[in-house]
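Every number here is computed from the coordinates shown, using simple stated rules; none is lab data. Everything numeric in this text was worked out from a predicted model, so none of it was measured. Ideal geometry is used to build each Cβ from the backbone, glycine not excepted, and the neighbour counts take in all protein chains shown.
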Amino acid sequence: MFTLDTSLISNLAGLSPLASEFDLDLLLLKALEKKGLSLEESAKLLAIDGKNNPAQLEKLLQTAGKLKRDIYGNRLVLFAPLYISDYCVNDCEYCGFHCRNQQMKRTRLTQDQVRLETGHIIRMGHKRILLESGEHPENSIDYVCDAIKTIYSTKVGNGEIRRVNVNIAATSIDNYRKLKDIGIGTYQLFQETYHKPTYERLHKGPKADYSRQITAHERAFEAGLDDYGMGVLFGLYDYKFEVLALLSHARYMEETHGVGPHTISVPRFQPAPGVVYSSDFPVSDVEFLKLIAVIRLSLPYTGMIISTRESPEIRKKAFEIGISQTSAASKTSPCGYSGANPLDNGGNIGQTNKQFELSDHRSVDEIVENICSQDMLPSFCTACYRSKRTGETFMKLAKAGNIHYLCHPNAILTFKEFLEDYATEKTKKTGEATITRELERIETDERKQETKIRLKRIEDGERDLFF
Ligand code: SF4
């Protein structure tokens, strides 16, 4: 089982930046070989003082952007979180759902409400959901599995949810097996902070067990969930320590279990109604972009996720330098999409029940249009998961440089579905121009021709075509 070498990580977090530009250039060149970096090398990059040495920071960001484009192309995968219950027995200082929060009226969605919320998410154009829930006896694994079944069975017009990723509390191997059997995509769990004294100070309840949290991915793996995501809540402790600990954990998983994390998420602390905690270790925008770039260069084949906690401006920059998946038009409370909370007279939901505040309030349509204008390609693809290209199989494809041949045309096809079914006229126009541009970027004529044929089939009414 993974144990963190705290003194090693603390020492590395205190390293000075590389003394010469030449050494920095050499290290960045090494990163472009796509073999990852040692913890010490990552620490040297984290030590760059972006405020006083913006030229070095820029070099780092540009290199991360290049690596991202080499591996992932210009695709950006979209999803929506779905909160099914804000009941929680834990008392996490930074979270609006903490059990001391008396001003909150708790909601646990019925299966009808899960269907209603899912319908709203489908009508926004999404094909992926990230299911979220507090930890509570009411939110049993069977309840979560029922909700997943409900989500998969909900159809609205041409739309449906094709992949449900799950972010629920650390649990047992038996419970993880149930998630595996029901057919989830990625199982996400964030350590929140790897710094044990801080972890123990900020948590009360079952989640306060640091060991239960830090070993959860291994239990999930043992249950067959080889597609897992990790993360840290930045702002709880020194960001350099957190990044290096996260990289150390990811490396341990790859070396011990043969598969590294499918995704790493980079949430930054945001205030929430009922939360008095304020960050002792705030992460500035410059530091935030730097840490995304360092993770990108250190773990080249791991997807990276950013949420709507961040502003449109920061998200735009983050898309360029490392992020491959993003939430869009999120609500962070149960019934947040439909507003149909019977406890709240259908009106005020989302005002007091948020897990945290959001900084990006744009619609999916607006976000999609902006992504296109950024010379990027919005994707609603779920093909790898449904073709069983997960875990080691996915990593082998990615490392051989072969995901472009599948993911790029699949992104075009799923984006076409979005344009046909959900886009405004303005976005449709921008989106069609994006598809024309992206077709030209398909590397082989054969794949280009087949993609064109499938685009026509989508125009004629077919859906769910993928390579
Ligand atoms: S972070 Fe999770 S476990 Fe902690 S209070 Fe919030 S919902 Fe509960």
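Using Cα centres only, tell me the gap between the range 425-450 and the range 222-242 in whole Å. When both Cα centres are located, 36 Å separates them. Dipole magnitude for the chain: about 660 debye, using +1 per Lys or Arg Cβ and -1 per Asp or Glu Cβ, origin at the Cα centre. Think of the chain as a dipole: +1 on every Lys or Arg Cβ, -1 on every Asp or Glu Cβ, centred on the Cα centre; then among 13, 77, 430, 430 lies furthest on the positive end.
Each Lys or Arg adds one and each Asp or Glu takes one away; over the other residues whose Cβ falls under 10 Å from the Cβ of residue 324, this sums to +3.
Here is the short version for the chain: 88, 99, 145, 335, 372, 381, 384, 407 have no other Cys C-beta closer than 4.7 Å.
Please compute, over every Cα-Cα pair in the chain, the percentage with a separation greater than 40 angstrom. Every Cα pair in the chain considered, those over 40 Å come to 15 percent. Entry note, the chain: the mean residue ellipticity at 222 nm calculated from DSSP H runs of n ≥ 4, each adding -39500 (n - 2.57), is -14500 deg cm²/dmol after division by the residues and rounding to the nearest 500. What shape does the range 31-73 have by the C-alpha gyration tensor, where a ≥ b ≥ c are the square roots of the eigenvalues, rounded means a/c under 1.5, and otherwise prolate means a/b greater than b/c and oblate the rest? Oblate, since a/c reaches 1.5 and b/c is not below a/b. Here's the picture: charge each Lys and Arg Cβ at +1 and each Asp and Glu Cβ at -1 in the range 70-373, and of 122, 281, 301 the one pushed furthest to the positive end of that dipole is 122.
With 24 Å as the limit, the listed pairs 34/127; 149/331; 68/240; 59/426; 59/416; 290/354 have 34/127; 59/426; 59/416; 290/354 beyond it between alpha carbons. Our summary gives the chain a relative contact order of 20 percent, counting only alpha carbon pairs under 8 angstrom and 6 or more residues apart. Summarising the strand pairing of the chain, around 15 percent of its internal DSSP beta bridges are antiparallel. Assuming charge only on the beta carbon of Lys and Arg (+1) and of Asp and Glu (-1), the dipole of the range 44-84 about its Cα centre is about 100 debye to the nearest 20. With Rh defined as the Kirkwood radius, the inverse of the mean 1/r over Cα pairs, the Rg/Rh of the range 106-200 is 1.02. Less than 5 angstrom separates the built amide H of residue 265 from those of 230, 231, 232, 305, all sequence-distant by 5 or more or on a different chain. Projecting label points 7 angstrom from Cα along Cα→Cβ for residue 222 and residue 428 puts them 5.4 nm apart.
Selection among 233, 359, 383 by position relative to the dipole of the chain gives 383 as farthest towards the positive end (Cβ unit charges, Cα centre).
If N is the number of residues in the range 176-255, what value comes out of its Cα radius of gyration divided by 2.2 N^0.38 Å?
So the Cα radius of gyration is 1.13 times the expected 2.2 N^0.38 Å.
For the range 153-174 versus the range 354-391, the inter-centroid distance based on Cα atoms is 16 Å. For residue 316, the aspartates and glutamates whose Cα comes closer than 17 Å to its Cα, not counting residues fewer than 8 places off in the same chain, are 58, 285, 287, 360, 365, 366, 369, 375.
The Rg/Rh ratio of the range 392-459, with both radii computed over alpha carbons and Rh defined as the Kirkwood radius, is 1.04.
Note that the range 134-142 has calculated 3J(HN,Hα) couplings of x, 9, 6, x, 5, 9, 5, 5, 5 Hz, one per residue in order, obtained from phi through the Karplus relation 6.51 cos²θ - 1.76 cosθ + 1.60 (θ = phi - 60°); glycine and proline are x.
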